[in-house]
Amino acid sequence: MLFSKFLEQRKSIREYKEKQVERNALIALENYTIKINEKIGPDVKLVLIEDGKEFYGKLKGKGGYAGVMIKSPHYLGIMINSENNDKVVDIGYHVEDIITKASELGLGSCWIDLNNVSDDIKDYFRAEFNGTLNFAISLGYSNENKHLEPISTSSRLAIEDIVYLDKWDNKIKIEDLEKVGLDKLFYYVRYAPSSLNRQPWRFILKKDRVILTLLKPYSKETLVDAGIMMYYFEKMINNIGFKGVWNKHIIVDSSQNDYITIGEFKI
């Protein structure tokens with residue numbers, strides 16, 4: 001897959017056709033979710049919710065994207081049974097992999113934050129799924145015409161606003177990125193989705209590595225955003241010849257007033 005083009009055109013879908021997803025596509029997505037569950041470990045549980053009508057009914061007016069529940073025929077439920085920050089970052093990374101698979105199957109999707117729903121709703125789903133739902137992903141056939149919508153860069157931060165050279169807040173020049181062949185990479189990773197489009201991530205480019213950071217104050221939502229960014233950054237940098245994976249080491253250092261460190265990628 002050409003991830004740069006996929007990410008540039010990636011759009012959170014908030015309106016879906018009422019038709020059920022074809023059975024073979026649902027089975028493929030469920031099997032893929034099982035594989036991701038095995039990768040991510042026992043502290044996280046992902047479950048494909050086929051009865052979207054009941055799920056939507058329980059959450060309508062009580063939780064959802066920016067407080068508005070998204071109606072779709074199916075959902076992916078995400079439960080985190082750990083307060084470990086590493087696991088929360090993992091969620092963003094691995095769930096975005098499932099979203100990529102869903103897109104390949106012709107499905108739209110959107111992240112839904114359920115961390116702030118009422119206790120009675122949490123208790124209902126805890127009994128239903130044997131775990132606390134933190135997030136969900138809406139899944140279905142889009143009822144939005146993406147071809148009629150121009151790609152917008154107005155809401156995206158400039159490269160110079162998200163990449164620093166050698167140290168924090170030392171804004172990079174595009175020529176510096178061109179020298180190491182990373183200018184196009186950072187152009188496209190700006191399109192990575194984030195909660196309410198906050199774009200909380202920043203990069204520090206060193207001689208031999210890229211450091212990923214998050215603005216303070218960080219939250220469960222922005223840690224997920226970091227995982228999403230790691231997923232797309234890794235896929236795209238591998239595509240242009242820089243082989244490797246993120247070395248994740250979350251550092252919450254009170255001496256750093258502006259950011260926390262999430263990990264580094266050697267180049």
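Pick out the one residue from S72, S12 that is of a type in the set (G, A, S), surrounded by fewer than 18 Cβ atoms within 10 Å (Cβ to Cβ) and part of a loop (DSSP other than H, G, I, E, B).
Values: S72 fails: surrounded by fewer than 18 Cβ atoms within 10 Å (Cβ to Cβ).
Going through S72, S12 in turn, just one is of a type in the set (G, A, S), surrounded by fewer than 18 Cβ atoms within 10 Å (Cβ to Cβ) and part of a loop (DSSP other than H, G, I, E, B): S12.
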Query raised in the report: Just for the range 188-205: of the residues that are at pLDDT 95 or above and more than 13 Å from I228 (Cβ to Cβ), which one is nearest to the chain's Cα centre (by Cα)?
Result: R202
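Is it the case that some residue within the range 171-193 is assigned to a loop (DSSP other than H, G, I, E, B), within 23 Å of N134 (Cα to Cα) and not basic (K, R)? Lay out the reasoning, then the answer.
To start, the set of residues in the range 171-193 that are assigned to a loop (DSSP other than H, G, I, E, B) comprises 172-173, 180-182, 190-193.
Applying the additional criterion that residues be within 23 Å of N134 (Cα to Cα) yields 192-193.
From what's left, not basic (K, R): 192-193.
The answer is yes; a qualifying residue exists.
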Report summary line: When every residue in the range 212-242 that is buried (at least 19 other Cβ atoms within 10 Å of the Cβ) and among the β-branched types (V, I, T) is compared, the one farthest from F6 (Cα to Cα) is T213
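Does the range 124-136 contain at least one residue that is surrounded by fewer than 15 Cβ atoms within 10 Å (Cβ to Cβ) and assigned by TED's automatic domain parsing to the domain that holds Y232? Show your work before the answer.
First, pick out the residues of the range 124-136 that are surrounded by fewer than 15 Cβ atoms within 10 Å (Cβ to Cβ): 126-127, 129-130.
Remaining after also requiring assigned by TED's automatic domain parsing to the domain that holds Y232: none.
No, that holds for no residue.
Could you tell me whether V21 is of a type in the set (A, V, I, L, M, F, W, C) and within 19 Å of K122 (Cα to Cα)?
Numbers: of a type in the set (A, V, I, L, M, F, W, C): yes; within 19 Å of K122 (Cα to Cα): no.
The answer is no for V21.
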Query raised in the report: Would you pick out the residues in the range 166-184 that are farther than 20 Å from W201 by Cα and either within 26 Å of the chain's Cα centre (by Cα) or surrounded by 13 or more Cβ atoms within 10 Å (Cβ to Cβ) (or both)?
Result: V180, G181
Query - Pair list, Cβ under 7 Å, 6 or more apart: the range 192-215 residue over 16 Å from N257 (Cα atoms), other residue among the β-branched types (V, I, T) and modelled with pLDDT under 95 - result: D208/I267; R209/I267; V210/I267
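I'd like the residue in the range 49-66 that is of a type in the set (F, W, Y) and touching a strand residue (DSSP E or B) at 6+ places or on another chain (Cβ under 7 Å) and, out of all such residues, is nearest to C110 (Cα to Cα).
If we filter the range 49-66 for residues that are of a type in the set (F, W, Y), which is where we start, we get 55-56, 65.
Still in the running and touching a strand residue (DSSP E or B) at 6+ places or on another chain (Cβ under 7 Å): 55, 65.
On the way: F55: 15, Y65: 8 Å.
Restricting to residues being of a type in the set (F, W, Y) and touching a strand residue (DSSP E or B) at 6+ places or on another chain (Cβ under 7 Å), the top hit is Y65.
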Query raised in the report: Hey, among the residues in the range 206-240 that are under 15 Å from the mean Cα position of the chain (by Cα) and among the acidic types (D, E), which one's farthest from L182 (Cα to Cα)?
Result: E221
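Among K58, K62, K17, K101, which is touching a helix residue (DSSP H, G or I) at 6+ places or on another chain (Cβ under 6 Å) and farther than 25 Å from K235 by Cα?
Details: K58 fails: touching a helix residue (DSSP H, G or I) at 6+ places or on another chain (Cβ under 6 Å); K17 fails: touching a helix residue (DSSP H, G or I) at 6+ places or on another chain (Cβ under 6 Å); K101 fails: farther than 25 Å from K235 by Cα.
Answer to the check: K62.
So that you can scan it fast, the table gives a plain yes or no per residue for (1) modelled with pLDDT of 85 or more; (2) in a helix (DSSP H, G or I):
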residue	(1), (2)
S109	yes, no
I112	yes, no
D120	yes, yes
F125	yes, yes
S138	yes, no
H147	no, yes
R156	yes, no
E160	yes, yes
Report summary line: Scanning the range 15-54 residue by residue, those without any contact (Cβ under 8 Å) to a residue 40 or more places away in the chain and either β-branched (V, I, T) or in a helix (DSSP H, G or I) (or both) turn out to be R23, N24, I27, E30, N31, I34, K35, N37, E38, K53, E54
Query raised in the report: Using beta carbons and a limit of 7 Å, which pairs, at least six apart or on different chains, have the first residue in the range 55-83 and farther than 20 Å from T100 by Cα and aromatic (F, W, Y) and the second one modelled with pLDDT of 90 or more and assigned to a loop (DSSP other than H, G, I, E, B)?
Result: Y56/M69; Y56/K71
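The values are calculated or read from the model by the stated rules, or taken from the named source; none is laboratory data. It should be emphasised that the depicted structure is a prediction, and the values quoted were computed from it without experimental measurement. Virtual Cβ from ideal backbone geometry, glycine too; neighbours counted across all protein chains shown.
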